[in-house]
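Worksheet: one structure, shown below.
Here, each number is a calculation from the coordinates, and none is a lab measurement. Quantities reported herein were computed from a predicted structural model and do not represent experimental measurements. For neighbour counting, all protein chains shown are included, and Cβ atoms are generated from backbone atoms with ideal geometry for every residue, glycine included.
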Amino acid sequence: MRSQLRNRRSFRLGLLIPAILSLIAMGILACSTTQSIGSQLDDASISTQVQALLIQDPAINPLHVRTATDEGEVLLIGRVDSRAESRAAEQSARSIAGVWSVQNYLKIGEAVEERTYADIQLRQAIAARLFRDGQVLGLNIRVLVHEAEVYLLGRVASNNERQQARNVVLETEGVQLIQNHLKAGPIPSAAELE
């Protein structure tokens, strides 16, 4: 029993390292968006804190849970074993300072492992189409894909651009569902987000 507990703790700590590395990567990727570096770091910090809480909670298996944050809105995406695990993940996310909304898209049941490669290909196809589309400035759009369901985050200039981004995604072969969390309007300053 102690051996299993020790192994689980080691495993969870091993998951924390990629979360920290993703925070560093956000700094490197800062030049690929018009969102301020401060806003990007705030969002990355929130995602990292949520992921750390998920790793520490023995009631949650964080292996199949992804977090994404945009302007204080947290999305939980992936699969968990039970509704209780889903609620625990949501409560963990809500407990972080700076989070104003949590969208829980966690599904109950076993993960569909064979979808991973297909999801990566679908994400790349969508990102390329958004980049090529003349009506969408794709610099501020983050695309996440899980089991052929697409999640759009970020900020665009207008509702027309938001709708066009959605249309581009819907026209992409293999998309089963879209959750459009794009915000329309000017990018707020860090002070406006507080």
*Within segment 147-166, restricting attention to residues that are within 17 Å of the chain's Cα centre (by Cα) and among the hydrophobic types (A, V, I, L, M, F, W, C), which residue is surrounded by the fewest Cβ atoms within 10 Å (Cβ to Cβ)?*
ALA148
*asked:* Any residue in segment 81-102 that is over 16 Å from GLN56 (Cα atoms) and without any contact (Cβ under 8 Å) to a residue 24 or more places away in the chain sitting within a Cβ distance under 9 Å of a residue that is surrounded by 16 or more Cβ atoms within 10 Å (Cβ to Cβ) and polar (S, T, N, Q)? List the pairs, counting only those 6 or more apart or interchain.
replied: ALA97/GLN49
*Kindly indicate which of ILE77, ILE120 is of a type outside the set (Asp, Glu), touching a residue at least 40 places away in the same chain (Cβ under 8 Å) and on the phi < 0 side of the Ramachandran plot.*
ILE77
*Being under 18 Å from the mean Cα position of the chain (by Cα) and part of a strand (DSSP E or B) narrows it down to one of VAL74, VAL169, so name that one.*
VAL74
*Candidates VAL112, VAL102 - the one that is of a type in the set (A, V, I, L, M, F, W, C) and out of contact with any helix residue (DSSP H, G or I) (no Cβ under 9 Å at 6 or more places or on another chain)*: VAL112
